[in-house]
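Novice: Dropping a structure here in structure tokens format, bear with me for questions.
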Amino acid sequence: MKRQNIRTLVLIICTFTYLLVGAAVFDALESKMEISQKKVLDGRKRELMDKYNLSRVNFDELERVVLQLKPHKAGVQWRFAGSFYFAITVITTIGRP
């Protein structure tokens with residue numbers, strides 16, 4: 001095998017190993033907290049369903065509506081300034097032709 005091919009293979013293996021180690025560290029740090037937060041939210045969901053006498057179907061529908069309304073909480077997003085900023089972002093990240 002050529003020296004250049006060996007170097008490329010070593011770089012690929014190192015990069016893949018780095019990604020695996022990073023994923024393992026991130027998983028170890030974040031997964032326990034995420035599971036804990038999920039349990040708290042599930043408990044809060046049950047409390048709300050009991051408090052307001054909501055069925056599972058009604059709660060799911062209410063949740064869907066709230067999630068759809070969330071992006072509009074701050075008002076209209078696509079005004080001229082926001083559109084202009086988006087256009088600038090598009091042309092600066094695409095690069096040259």
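Taken together, the values in this text are just the output of simple stated rules run on the coordinates, not laboratory data. Note that the structure is a prediction, hence the values are computed from the model and not measured. Backbone-built Cβ (ideal geometry, glycine too); neighbour counts: all protein chains shown.
Novice: What are the membrane-span-like helices in the chain by this rule: whole DSSP H runs, Cα extent along the axis at least 24 Å, mean Kyte-Doolittle hydropathy at least 0.0?
Specialist: Working: long enough: 3-51 (70 Å, 0.08).
Going by DSSP H runs, the hits are 3-51.
Novice: Oh, and also: From the helices alone, meaning DSSP H stretches of at least four residues, give me the mean residue ellipticity at 222 nm for the chain, per-run term -39500 (n - 2.57), in deg cm²/dmol to the nearest 500.
Specialist: On the way: 3 runs with 78 residues, N = 97.
Rounded to the nearest 500, the figure is -28500 deg cm²/dmol.
Novice: Can you tell me how the chain classifies by the Cα gyration tensor, rounded, prolate or oblate, using a/c under 1.5 as the rounded cut? Write down the numbers at each step before the final one.
Specialist: Values: a/c = 4.38, a/b = 1.45, b/c = 3.02.
Cα axes put the chain in the oblate bin.
Novice: Obtain the nm distance between the two label points defined at residue 39 and residue 79 by a simple spin-label model: each point lies 7 Å from its Cα along the Cα-to-C-beta direction.
Specialist: 4.5 nm
Novice: With a ≥ b ≥ c taken as the square roots of the eigenvalues of the C-alpha gyration tensor of the range 1-53, please select rounded if a/c is under 1.5 and otherwise prolate if a/b is larger than b/c or oblate if it is not?
Specialist: In terms of gyration-tensor shape, prolate.
Novice: Note the full-extension length gain between residue 53 and residue 10 as 0.36 nm times their separation in residues minus their Cα-Cα distance, in nm to one decimal. Mind showing how you got there, number by number?
Specialist: Numbers: separation 43, 0.36 × 43 = 15.48 nm, distance 6.10 nm.
Contour length minus the Cα-Cα distance gives 9.4 nm.
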